[in-house]
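Comments concern the structure below.
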Amino acid sequence: MPRGKRIPKRVIAPDPKYNSEMVAKFINFVMERGKKSVAQALVYDAIKTLGEVKKGDGLKFFEQAVEVIKPQVEVRSKRVGGANYQVPVPVPTSRQNALAFRWIITAARAKKGKPMKDKLATEFVDILDGVGGSIKKKEDVQRMAEANKAFAHFARFSNKK
């Protein structure tokens, strides 16, 4: 039982260029040390490059790439009778976005020898082609959940931690 009041979710303003909340949230994930204008320039350039490479609307391709990466299930540790089990649980929508953004950015940062805007654009193209670091991460998470399906019955008794 939590103490005190529940903290309300902050409403995030849509980004100025595409008027999209998803892009604004992604910009906030990319941002380092409060440098929002730098993060905005990176993300906008990456979306523009993505549109040029895929020959279409970059924003649509960006949203499509995020949809592809979103995980449906993940594993959570649950302690039952002295043993820790990896229990597969469905992922809430807000966490799906957060995980997708985190995986995309981590995979892009892992690439070497190019500016970040190019690394992000390359990662988006890779996602749409079904390859890349973030696709591998999603498949690993799904494989873990699949392998531990036998422990799914523990999920009912778990309290959120």
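Which ranges mark the helices (runs of 4 or more DSSP H) fully within the range 1-110 that have 2 or more residues being touching a Pro at 6+ places or on another chain (Cβ under 8 Å), of a type in the set (S, T, N, Q) and more than 23 Å from Asp126 (Cα to Cα)? Explain how you work it out, then say what you get.
Details: elements: 21-30, 36-54, 58-69, 93-110.
Because the criterion is at least 2 residues that are touching a Pro at 6+ places or on another chain (Cβ under 8 Å), of a type in the set (S, T, N, Q) and more than 23 Å from Asp126 (Cα to Cα), no helices (runs of 4 or more DSSP H) in the range 1-110 meet it.
This table checks each residue for (1) among the β-branched types (Val, Ile, Thr); (2) at pLDDT below 90; (3) over 18 Å from the mean Cα position of the chain (by Cα); (4) buried (at least 18 other Cβ atoms within 10 Å of the Cβ).
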| site | (1), (2), (3), (4) |
| --- | --- |
| Arg3 | no, yes, yes, no |
| Lys9 | no, yes, yes, no |
| Asn19 | no, no, yes, no |
| Val23 | yes, no, no, yes |
| Val30 | yes, no, no, yes |
| Lys35 | no, no, yes, no |
| Ala46 | no, no, no, yes |
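Would you call Lys138 more than 25 Å from Asn19 (Cα to Cα), in contact (Cβ under 8 Å) with a residue 40 or more places away in the chain, in contact with a Phe, Trp or Tyr (Cβ under 8 Å, 6 or more places away or on another chain) and in a helix (DSSP H, G or I)? Before the answer, list the steps.
On the way: more than 25 Å from Asn19 (Cα to Cα): yes; in contact (Cβ under 8 Å) with a residue 40 or more places away in the chain: yes; in contact with a Phe, Trp or Tyr (Cβ under 8 Å, 6 or more places away or on another chain): yes; in a helix (DSSP H, G or I): yes.
In short, yes.
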Would you check which residues across the range 71-115 are surrounded by fewer than 18 Cβ atoms within 10 Å (Cβ to Cβ), among the charged types (D, E, K, R) and closer than 19 Å to Ser134 by Cα and list them?
Arg95, Arg102, Arg109, Lys111, Lys112, Lys114
Residues in the range 93-146 that are under 12 Å from Glu74 (Cβ atoms) and more than 12 Å from the chain's Cα centre (by Cα) total 7
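The values are calculated or read from the model by the stated rules, or taken from the named source; none is laboratory data. Not measured: the values here are computed from a predicted model. Neighbour counts are summed over all protein chains in view; Cβ atoms, including those assigned to glycine, are modelled from backbone coordinates with ideal geometry.
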